[in-house]
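The values are calculated or read from the model by the stated rules, or taken from the named source; none is laboratory data. All values derive from a computational prediction rather than experimental measurement. A quick note on method: Cβ atoms are made from the backbone with ideal geometry, for glycine too, and the neighbour counts reach across all protein chains shown. The accessibility values were calculated without ligands, DNA or RNA, using every heavy atom of the protein model including side chains. Shrake-Rupley method; radii C 1.70, N 1.55, O 1.52, S 1.80 Å.
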Amino acid sequence: MPTNRTRIDSSIFQPAPTCAAPPVPDPAQSPQARRISVFLLLAAGLLAWVFFSNALREGAERGVYFAVLLVLGLGLGIALFHSRFGFTSAWRQLVAVGNGQGVRNHALLLGTTATIFMLLFVTGWSAFGNEPTPYSGTIGVGLLIGAFIFGIGMQLGGGCASGTLFAVGSGQSTVVPTLLGFIAGSVIFTAPWFFPLMRDLPGMDPVLLSDHVGHVGGWVVTIAALLVIVAVSKAVQARRNPPPAGVPPTTRGWARALRGSWPMWVGALTLAGLGGAVMWVSGGIWGITNALALWGAKFLQLFGMQPETWDFWQQDGWSEMLANPVLSHQNSLTNFGIMIGAAIAAAAGGSWVLNKSISWGHVGVAFFGGILMGIGARMAEGCNIGAYLGGIASGSVSGWLWALAALAGTWAGLKARSLVGLANPRPTDSVC
């Protein structure tokens, strides 16, 4: 196979070598005008419903607040789809063949988000009077086991928390079983026969860098650690000389912003800005998975079950969440926005097409992977967005521990993929 090795440069910003030149992307298909119209109407209708339902309950300001969260979710979905910003694929490529391109874009996302968070924490600037507050996850057995399980689950399910949402929204019906399993696993964790087993796992209080070196000092430590990761990933890639990452269809010129694929670094910066906006508006991090537990519990209530009587749902915060409408829940709104935003972006790129041929074997593996993700996310108090992105960007040590455990889970997940007949990247592939 021809090689395309680049000179090893001392700068961490120089391209890392691959065994071949990156592939030329296919041209994007024509926009799907009818589907764009349908998804835009869906977004507008939901936006109006969110505003008026919350304004009638709590006043106009609360209506605006929740509507803004939905709009931010729409932006997140558009950015996730256009950049195909992946966590599952990035870790798979790193572990399987040593291609660290995706992980380096993670570092850009993490560093930019950490910078925005630091500025908000220092200034206390907020949009609706919600003081910006760092995420601090509990450190313990639950975190490590949960993140490890999550790492396995996302490799079997074919997506992480954010990836599952934008894939479902963009018409990838093969990921619907993963989402359903994710919801089921989240509910299983809250069940009265399961949650008591998890509640008393050994742990210790959260550790925030800002409590020891201040917000600016914590930011310096975080950026330094991310730069080390970038340098190490480049060194590993130079040694292993892996295949290049695949590229999605795109177009040229200004049209690329609306219906082409974006470079992952553009996606990283855009997601960081939108995630920072979620902090500015709500005072908390962008999260995903507690909404899935809420959806599952609400679904059970429709059939006469009473999850509100379970110990899990009687905890502070969770009981209030279950008592309130779904359209008054921050993470539910951003999740709905991600799916609709991804649908709009996919239709604009001409690629919103349902996959009607799905094997039952794939459904079973994806559903099981989703269950592992749901249980793992609740054990670890978050997923690749809340615990990993939100934790590291907030200066929480738990975010780094989550990443290490999830990376180990990715390695185990690749072994599990081979056992169930799913392909993994190989050094001899043309793309990974």
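Here is a yes/no grid of residues against (1) within 21 Å of Ile139 (Cβ to Cβ); (2) open to solvent by 60 Å² or more (accessible area, probe 1.4 Å):
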{"site": "Ala225", "(1), (2)": "yes, no"}
{"site": "Ala231", "(1), (2)": "no, no"}
{"site": "Asn241", "(1), (2)": "no, no"}
{"site": "Trp254", "(1), (2)": "no, yes"}
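Would you say Ala96 is within 28 Å of Ser233 (Cβ to Cβ), in contact (Cβ under 8 Å) with a residue 24 or more places away in the chain and surrounded by fewer than 24 Cβ atoms within 10 Å (Cβ to Cβ)?
So Ala96 passes the test.
Working carefully through the options Val397, Val363, find the one that is touching a Gly at 6+ places or on another chain (Cβ under 9 Å), open to solvent by 10 Å² or more (accessible area, probe 1.4 Å) and either hydrophobic (A, V, I, L, M, F, W, C) or within 23 Å of Ala147 (Cα to Cα) (or both).
Result of the check over Val397, Val363: Val397.
Show the residue pairs that are 6+ apart or on different chains and have beta-carbon atoms under 6 Å apart, the first residue being within segment 221-249 and touching a residue at least 60 places away in the same chain (Cβ under 8 Å) and farther than 28 Å from Ala167 by Cβ, the second being open to solvent by 40 Å² or more (accessible area, probe 1.4 Å) and of a type in the set (Gly, Ala, Ser).
No pair meets every condition.
Would you check if Ala291 is over 18 Å from the mean Cα position of the chain (by Cα) and open to solvent by less than 10 Å² (accessible area, probe 1.4 Å)?
Here the answer is no, as Ala291 does not meet what is asked.
Given the structure, is Gly369 more than 30 Å from Val38 (Cα to Cα) and open to solvent by 20 Å² or more (accessible area, probe 1.4 Å)?
no
Let's see how each residue does on (1) closer than 30 Å to Val38 by Cα; (2) surrounded by 15 or more Cβ atoms within 10 Å (Cβ to Cβ); (3) at pLDDT below 95:
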position	(1), (2), (3)
Ala323	no, no, no
Ser328	yes, yes, no
Thr334	yes, yes, no
Ala345	yes, yes, no
Met379	no, yes, no
Asn384	no, yes, no
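For segment 300-338, enumerate the residues that are more than 19 Å from Ile288 (Cβ to Cβ), of a type in the set (A, V, I, L, M) and in contact (Cβ under 8 Å) with a residue 60 or more places away in the chain.
Across segment 300-338, the qualifying residue is only Leu300.
Could you list, in sequence order, all residues of segment 413-432 that are assigned to a loop (DSSP other than H, G, I, E, B) and either in contact with a Phe, Trp or Tyr (Cβ under 8 Å, 6 or more places away or on another chain) or of a type in the set (S, T, N, Q) (or both)?
Asn424, Thr428, Ser430
Across segment 167-213, what is the total count of residues that are in contact with a Phe, Trp or Tyr (Cβ under 7 Å, 6 or more places away or on another chain), open to solvent by 20 Å² or more (accessible area, probe 1.4 Å) and not in a helix (DSSP H, G or I)?
Summing the residues that are in contact with a Phe, Trp or Tyr (Cβ under 7 Å, 6 or more places away or on another chain), open to solvent by 20 Å² or more (accessible area, probe 1.4 Å) and not in a helix (DSSP H, G or I) in segment 167-213 gives 1.
In segment 127-144, what count of residues is obtained for those that are farther than 20 Å from Ile375 by Cβ, in contact with a helix residue (DSSP H, G or I) (Cβ under 6 Å, 6 or more places away or on another chain) and either hydrophobic (A, V, I, L, M, F, W, C) or surrounded by 16 or more Cβ atoms within 10 Å (Cβ to Cβ) (or both)?
5
Would you mind stating whether Gly77 is open to solvent by less than 40 Å² (accessible area, probe 1.4 Å) and at pLDDT 95 or above?
yes
Of all residues in segment 417-431, which are small (Gly, Ala, Ser) and touching a helix residue (DSSP H, G or I) at 6+ places or on another chain (Cβ under 9 Å)?
Listed by number, the residues that qualify are Gly421, Ala423.
Could you grab me the full set of residues in segment 290-318 that are over 13 Å from Ala191 (Cα atoms) and among the acidic types (Asp, Glu)?
Asp316
Do any residues in segment 359-381 that are farther than 11 Å from Leu180 by Cβ and in a loop (DSSP other than H, G, I, E, B) have Cβ atoms under 8 Å from those of residues that are open to solvent by 10 Å² or more (accessible area, probe 1.4 Å) and of a type in the set (Val, Ile, Thr), where the two are at least six apart or on different chains, and which pairs are they?
Every condition considered, the pairs that remain are Ala380/Ile145; Glu381/Thr138.
Quick one: Val353 ticks every box in (1) at pLDDT below 95; (2) of a type in the set (A, V, I, L, M); (3) in contact with a helix residue (DSSP H, G or I) (Cβ under 7 Å, 6 or more places away or on another chain) bar one, so which box is it?
Only one criterion in (1) at pLDDT below 95; (2) of a type in the set (A, V, I, L, M); (3) in contact with a helix residue (DSSP H, G or I) (Cβ under 7 Å, 6 or more places away or on another chain) is unmet by Val353, namely (3).
Any residue in segment 189-218 that is closer than 14 Å to Ile375 by Cβ and at pLDDT 95 or above sitting within a Cβ distance under 8 Å of a residue that is hydroxyl-bearing (Ser, Thr, Tyr) and surrounded by fewer than 17 Cβ atoms within 10 Å (Cβ to Cβ)? List the pairs, counting only those 6 or more apart or interchain.
Partner pairs satisfying both residue conditions: none exist.
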